[in-house]
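Inspection log for the structure reproduced underneath, given as structure tokens.
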Amino acid sequence: MFTGGYWSPNDRYLGGESSRVGTFTVEEFKMRRVLLIITEQLGYEDNMKKLSWFPPETPGTKVDIEDDETMDKIAHYGVGFGAATLYVVREDDPYIGRRTGWNTSLEDDENLWMENPDVGNVGEDGDGSSGGDSSDEAENVTEDESSGDGRRTNVDDKSYKKFELGQEYMSIDSFKNALHKYAVKKRRDIKYKKSDSTRVIAICSNGKCPWRICASINSSSPRVVVRTLQEEHNCTWQGKVTLLTYSRISEIYIEEFRLNPYFSAQQLQEKLLARNINVPWSKCERSRLDCLKKFDREQDEQFSRLFDYVYELKRANPGSTVELVVKGTEFEKFYVCFGALKSGWKAACRKILHLDGTFLKWRMNGMLLVACGRDPNDQMFPIAWGIVEKENTPN
């Protein structure tokens, strides 16, 4: 349940905080019970009682909850789906947030999905348009990228139009990326019926749904062309996206894990659930571990280039003292004192050194030591810094 926020003009929930409020039977899940939870359990005022939700059959449309009949519908949906998400705002003015300091809105989350080159650049109508003037884009279309009637048919990895017969993609991977974007943004459970180096056939996971698309490599060029397309769905949204693999999820939320190393699989699952996408905890945990492995590989790559870094520092800063100590293939300690800072301290600063250090957290497990002086303006003047092992018996 998201509580304490407000609605933007385009039905985005901004501000507020998210809470898990418990497990209920269908008979218990009534308006009165939910309003009591908001006031007594979550501590909000009586006025915070305008409830809304996004039905799975129309995930982009907000529906206000007015009576127990709607609550029964949500309860039955929650039984089949495992959970349901409600949004609560002030009844007198839904565009005023009670706790504006909180920011658990989906606005930033939406930007992640939209800007990622592999997932989510498709508009809600599937045409990838942004509402702006496309005349500039049309002027830049080459003859190779256009059909005979001037209509652009080439599609790249970053944006694409609605699927059409004869539409061209640069490669099989490019076409698969477009399918992934479509599945996530339209919240459709699509699976591959056939996928190899020359042809891809995708169908709806609901066996009775006629949606189907087939694309294969053009015999006269290396591009991939849409050969068969049945674009209408007659199935309902079930909260599952098979093409949203753990690696795709980690690509979308890798910056979230980078900024918050304690971001848990459960929090990731709740973020996806707020988008009406049901992902098992195990897949979220695999995504989390995949991000951590990527961070380790990035760190290994950076440490492997430390000798290049030392060489470049000495070359670009004559008179500098740079020391790197390794034990076998493992990093041990590192020290830097730039020549300009050294001569500046000798020439103009007080002959006093301030020494300090701090522990490095998470994967580093060492200490950062710093030596500073005081300049004539009585400001801190950095002189040297180093990274060493944390204090122990041997050192």
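The values are calculated or read from the model by the stated rules, or taken from the named source; none is laboratory data. Values in this document were obtained by computation on a predicted structure and should not be read as measured data. Here Cβ is always computed from backbone atoms with ideal geometry, including for glycine, and neighbour counts include all displayed protein chains.
Points worth noting:
- Selected residue [over 12 Å from the mean Cα position of the chain (by Cα) and either buried (at least 18 other Cβ atoms within 10 Å of the Cβ) or more than 30 Å from F334 (Cβ to Cβ) (or both)] from N276, N260: N276
- Y253 modelled with pLDDT under 90 and either aromatic (F, W, Y) or surrounded by fewer than 17 Cβ atoms within 10 Å (Cβ to Cβ) (or both): yes
- For segment 359-381, the tally of residues that are modelled with pLDDT of 90 or more, surrounded by fewer than 16 Cβ atoms within 10 Å (Cβ to Cβ) and within 30 Å of D296 (Cα to Cα) stands at 2.
- Residue satisfying condition, being touching a Ser or Thr at 6+ places or on another chain (Cβ under 6 Å), at pLDDT 75 or above and of a type outside the set (G, A, S), within set D72, D64, D68: D64
Results for (1) of a type in the set (G, A, S); (2) modelled with pLDDT of 85 or more; (3) closer than 25 Å to N234 by Cβ, shown as yes or no for each residue.
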position	(1), (2), (3)
E107	no, no, no
V119	no, no, no
V122	no, no, yes
E137	no, no, no
I172	no, yes, no
V184	no, no, yes
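- The numbered conditions (1) under 19 Å from V279 (Cα atoms); (2) part of a loop (DSSP other than H, G, I, E, B); (3) at pLDDT below 80; (4) out of contact with any Leu (no Cβ under 9 Å at 6 or more places or on another chain) are all true for A83 except (4).
- Listed by first and then second residue, the pairs with beta-carbon distance under 6 Å, at least 6 apart or on different chains, first residue in segment 340-351 and in contact (Cβ under 8 Å) with a residue 12 or more places away in the chain and among the charged types (D, E, K, R), second surrounded by 11 or more Cβ atoms within 10 Å (Cβ to Cβ) and not in a helix (DSSP H, G or I), are R350/R374.
- Boolean, S304 is surrounded by fewer than 19 Cβ atoms within 10 Å (Cβ to Cβ), of a type in the set (S, T, N, Q) and touching a residue at least 12 places away in the same chain (Cβ under 8 Å): no
- Tally, over segment 350-366, of residues that are closer than 15 Å to A384 by Cα and either in contact with a Lys or Arg (Cβ under 9 Å, 6 or more places away or on another chain) or in the same structural domain as Q299 (by TED's automatic domain parsing) (or both): 2
- Residue count for segment 14-50 under the criterion of being within 24 Å of the chain's Cα centre (by Cα), surrounded by 12 or more Cβ atoms within 10 Å (Cβ to Cβ) and either modelled with pLDDT of 75 or more or charged (D, E, K, R) (or both): the result is 1.
- Of all the numbered requirements in (1) outside any strand (DSSP E or B); (2) within 30 Å of F257 (Cα to Cα); (3) touching a strand residue (DSSP E or B) at 6+ places or on another chain (Cβ under 6 Å); (4) not polar (S, T, N, Q), K361 misses one, and that requirement is (3).
- Of all residues in segment 365-395, those satisfying the criterion of being in a loop (DSSP other than H, G, I, E, B) and either under 39 Å from the mean Cα position of the chain (by Cα) or within 19 Å of I352 (Cβ to Cβ) (or both) are N365, D375, P376, N377, D378, Q379, K390, E391.
- Total residues in segment 231-290, condition over 24 Å from K176 (Cβ atoms), among the polar types (S, T, N, Q), in contact with a Lys or Arg (Cβ under 8 Å, 6 or more places away or on another chain) and in a helix (DSSP H, G or I): 0
- Test: W211 is under 16 Å from Y182 (Cα atoms), out of contact with any Pro (no Cβ under 7 Å at 6 or more places or on another chain) and surrounded by 15 or more Cβ atoms within 10 Å (Cβ to Cβ): yes
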